[in-house]
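What follows is calculated from the coordinates using simple rules that are stated; it is not laboratory data. This structure is a prediction, so every number in the text was calculated from the model and none was measured. Cβ coordinates were reconstructed from backbone atoms using ideal geometry, including for glycine residues, and neighbour counts include every protein chain displayed.
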Amino acid sequence: MLRIQHVSKTYPNGTQALKDVSFDVADGEFMVVIGLSGSGKSTLLRCINRLIDPSEGKIYWNDTDVTSANAAELRNIRRNIGMVFQQFNLVKRSSVLTNVLSGRLGYANPWLSLLGIWPQEEKDRALKALARVGIAEKAFSRADALSGGQQQRVGIARALMQEPKIILADEPVASLDPVLSHSILQYLEVLNKEGITVICSLHFLDLVHRYATRVVALKDGMKVFEGSAKEIDRAKFKEIYGEEAQEVRAASF
Amino acid sequence: MENRLSTGKIIRNTLLAALIILALGISWNVTGVDFPRLIRDLPKGRNIVLAFLTPDLTTRETTTTTVSLAFPIPCGSAPEGEVLTSGPRLVPSVTCAEPKTKFTLEGFDLAPNSEIVIRWKLPDERIMTAIRVQSDEKGYFTANMEARPIAATANNISSRLEVDALTPVGGLKPSEAVQDVLAAMFVTIFMALLSTTLATIVAAPLSFLAASNITKRGPLGTLVYYFTRSIFNLLRSYDPLVMATVFGFWLSFGAFPGFLALSVVTVASLGKLFSEAVEGIDPGPLEALQATGANRLQMVIYGVVPQIVPDFISFIIYHWDINVRISTIIGFVGGGGIGYYLSERINGFEYSKAGTAIWAIVLVVMAMDFLSAEVRKRLS
């Protein structure tokens with residue numbers, strides 16, 4: 001259970017990205033966060049693993065207070081929370097295998113890992129993770145030699161290395177051709193069915209309907225909706241995204 | 001109102017223009033600009049340029065055959081030499097002479113087509129070269145001589161006329177100058193390599209401290225960031241030449257102080273370039289690594305290093321290239337290597353040897369330039 005309680009975030013330049021946001025995420029949910037660009041989705045996801053420190057409010061994961069964890073505790077919390085990014089965030093010049101192995105840094109012997117030495121069992125784990133996302137044969141390619149869809153699958157394999165309880169996915173399909181969206185989200189769905197909680201920000205309404213078990217909508221940093229995906233019809237969608245918004249269907253591509 | 005404003009503008013601009021003209025006039029005067037001299041002094045310049053353009057590149061192996069003849073100055077001060085009638089021999093028009101008397105010297109049956117070196121061997125065994133001529137195909141030469149007062153008989157021993165015939169044998173071989181230039185160039189290239197290496201070892205870790213995205217966090221980090229930055233800037237403001245002179249006085253001149261001066265300047269320059277490369281990395285992978293629970297050092301090794309390696313290597317090679325050039329200049333103030341060789345040859349009026357050095361510098365700089373450009377192209 002992840003509990004987000006009265007979280008606000010004000011950036012040093014005065015931008016208020018989140019205003020008093022509260023909701024709970026039960027274990028095993030596929031929670032989708034929707035909202036316009038700049039509505040605070042990315043900030044919210046990054047507050048959960050404290051890539052960004054919230055200005056106010058508390059976040060609890062089970063009984064652990066994430067918001068007050070010290071550096072060492074925070075690293076332990078983080079290695080249980082995988083993260084997938086819109087821009088994949090791979091080290092482009094490193095091999096796919098090294099990128100995937102880096103997901104294991106929170107567990108690895110700090111000194112051996114600095115020398116680039118990994119035990120065979122970790123390499124096997126990485127190859128298995130790549131096989132799960134269907135690109136085992138790319139293990140020794142350079143990351144930037146892969147297509148966007150393949151790079152995002154490497155991103156998922158990297159998150160898998162953490163044996164995560166939660167996966168945060170920050171617009172994981174926004175940089176991909178719409179036809180690839182389902183392929184990426186299906187991998188997340190499979191992981192979700194295996195018991196990993198997924199918190200994912202998305203733009204396309206039909207993807208929301210297809211994958212979300214529950215939806216939170218943000219507008220100008222405030223939570224404006226929380227409920228099941230079915231409750232979001234066109235009228236609700238316009239309310240969240242504004243009158244000028246046109247719904248785009250990923251399936252129509 | 002607008003009119004008055006524009007009048008003010010005109011006055012201001014006119015004053016500004018007058019000031020600029022005044023400044024340029026002063027500059028002209030203090031520089032001693034005299035373009036006609038470029039033409040007037042052309043002959044002087046031409047000789048030097050010609051010498052530079054005909055570098056001392058090759059010599060031939062020669063065998064030397066020597067014949068000699070006692071030649072008393074003045075007559076009667078010592079026994080006259082016996083003039084032979086066959087075989088390699090010297091035949092002077094007189095067998096003795098008063099000081100300053102002119103005479104001719106002929107040689108017969110010497111090595112044909114050879115360089116003939118005629119010299120005085122003085123009573124005290126010192127050698128004084130008089131003239132160089134060329135023998136014909138029969139091994140004959142003739143030369144106009146003067147009985148030099150310095151070659152006067154001393155202690156009843158007369159001076160001797162000595163003639164070396166230098167016959168080329170075998171092919172061309174690199175001249176002494178070429179060998180010296182190669183050795184000096186070797187020193188320069190490796191001095192530049194070593195100083196670049198030392199500078200890299202110092203600058204690479206420091207550059208992370210001077211990178212805002214790595215260091216500028218919290219008050220301590222910000223302090224370290226500005227401190228490292230200002231050290232780089234301070235060191236960069238010193239010209240390598242000034243630095244070399246300082247180290248030269250400190251450690252006496254040679255390659256070592258030159259190397260130190262180069263290293264210091266390169267640390268500053270590489271440090272700044274490196275830190276800018278670190279600042280220019282994609283922060284995305286760092287965020288991803290942080291999210292996995294990696295510590296800061298792991299983030300640097302897995303997230304920063306792979307992104308900066310090509311830039312770092314390209315900067316290092318580029319600086320090696322630059323340092324070869326700078327160390328040439330540093331050599332002029334005593335920093336050793338090819339620059340020192342060049343300045344010594346110029347000071348000794350040995351312009352052909354200086355020409356050899358200049359050609360070598362041009363070739364090496366061009367080669368380094370090409371190589372470093374190629375390597376950098378491959379890396380990007």
Exercise for the section: Describe numerically, in nm with one decimal, the distance between label points set 7 Å from Cα along Cα→Cβ at A:GLN16 and at A:LYS193. Expected result: 4.4 nm
Exercise for the section: Would you mind working out the magnitude of the charge dipole of chain A relative to its Cα centre, with +1 at each Lys and Arg C-beta and -1 at each Asp and Glu C-beta, to the nearest 20 Debye? Expected result: 600 debye
Fill in the blank from the handout: The correct pair for the range A:152-233, radius of gyration to one decimal and Dmax as a whole number, both in Å and from Cα atoms, is 12.9, 37
Problem - Taking the convex hull of Cα positions in the protein assembly as shown, its mean projected area over all directions (nm²) - result: 50.8 nm²
Handout entry: Residue-averaged [θ]222 nm for the protein assembly as shown, counting only DSSP H segments that reach four residues, each worth -39500 (n - 2.57)
Key = -15500 deg cm²/dmol
Completion exercise
Here the FRET efficiency for B:ASN213 versus B:LEU297, based on Cβ atoms and R0 = 22 Å and rounded to 0.05, is 0.90
Problem - Chain lengthening between B:SER86 and B:LYS9 when straightened (0.36 nm per residue, less Cα-Cα) - result: 17.8 nm
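Report the FRET efficiency, 1/(1 + (r/R0)^6), for A:ASN109 and A:ARG234, where r is their Cβ-Cβ distance and R0 is 45 Å, rounded to 0.05.
Numbers: r = 54 Å, r/R0 = 1.20.
Taking R0 as 45 Å, the efficiency between A:ASN109 and A:ARG234 is 0.25.
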Fill in the blank from the handout: Across B:160-172, the residue-averaged tally of Cβ atoms belonging to other chains within 10 Å stands at 0
Exercise for the section: Could you check which residue among B:ALA154, B:ALA277, B:ALA51 shows the biggest mean-square fluctuation in a GNM of chain B with a 10 Å Cα cutoff? Expected result: B:ALA154
Practice task
Starting from the Cα of B:THR31, step 7 Å along the direction of its Cβ; do the same at B:LYS44; then give the gap between the two resulting points in nm.
Solution key: 2.0 nm
Handout entry: Förster radius 35 Å - calculated FRET efficiency between B:ASN113 and B:SER68, Cβ distance, rounded to 0.05
Key = 0.95
Exercise for the section: Note down the nm distance, to one decimal, between modelled labels 7 Å out along Cα→Cβ at B:VAL375 and at B:ASP282. Expected result: 2.6 nm
Problem - Order by protection proxy (mean Cβ within 10 Å, highest first), peptides B:223-233, A:67-77, A:194-204 - result: A:194-204, B:223-233, A:67-77
Fill in the blank from the handout: Checking rank on B:333-343, B:295-305, B:29-39, with mean other Cβ inside 10 Å and highest first, the result is B:333-343, B:295-305, B:29-39
Handout entry: Linear extension gain, A:ASP177 paired with A:ASP27, 0.36 nm per residue minus alpha-carbon span
Key = 51.0 nm
Exercise for the section: Could you state the angle between the C-alpha long axis of helix B:255-279 and the longest principal axis of the C-alpha atoms of chain B, as a value from 0 to 90 degrees rounded to the nearest 10? Expected result: 30 degrees
Handout entry: Residue with peak Gaussian network fluctuation, chain B [Cα springs, cutoff 10 Å], from B:ALA18, B:ALA268, B:ALA294
Key = B:ALA18
Exercise for the section: Within a 10 angstrom radius of each residue's Cβ in A:96-103, how many Cβ atoms of other chains show up on average? Whole number is fine. Expected result: 3
Fill in the blank from the handout: Among B:PHE247, B:GLY339, B:SER93, the residue whose Cα sits farthest towards the positive end of the charge dipole of the protein assembly as shown (+1 at Cβ of Lys and Arg, -1 at Cβ of Asp and Glu, taken about the Cα centre) is B:PHE247
Completion exercise
Taking B:ASP180, B:ASP239 and counting other beta carbon atoms within 10 angstrom, the fewest-first order is B:ASP239, B:ASP180
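If packing is taken as the mean number of other Cβ atoms within 10 Å per residue, what is the order of A:130-136, A:211-217, A:28-34, highest first?
Descending packing order for the listed peptides: A:28-34, A:211-217, A:130-136.
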Handout entry: Inter-centroid distance (Cα atoms) of the range A:148-226 relative to the range B:159-208, Å
Key = 66 Å
Practice task
Take peptide B:294-302, look around each residue's Cβ out to 10 angstrom, count Cβ atoms belonging to other protein chains, and average those counts.
Solution key: 6
Completion exercise
Helix B:351-379 sits off the longest principal axis of the Cα atoms of chain B, rounded to the nearest 10 on a 0 to 90 degree scale, by 30 degrees
Fill in the blank from the handout: Looks like chain A, by Cα gyration tensor root eigenvalues a ≥ b ≥ c and the a/c under 1.5 rounded cutoff (else prolate when a/b is bigger than b/c, oblate otherwise), is oblate
Exercise for the section: First check a/c for the range A:123-188, with a ≥ b ≥ c the square roots of the eigenvalues of its C-alpha gyration tensor; if it is under 1.5, answer rounded, and if not, answer prolate when a/b is larger than b/c or oblate otherwise. Expected result: oblate
Problem - Cα centre as origin, Lys/Arg/Asp/Glu Cβ charges: the range B:60-173 dipole, Debye - result: 260 debye
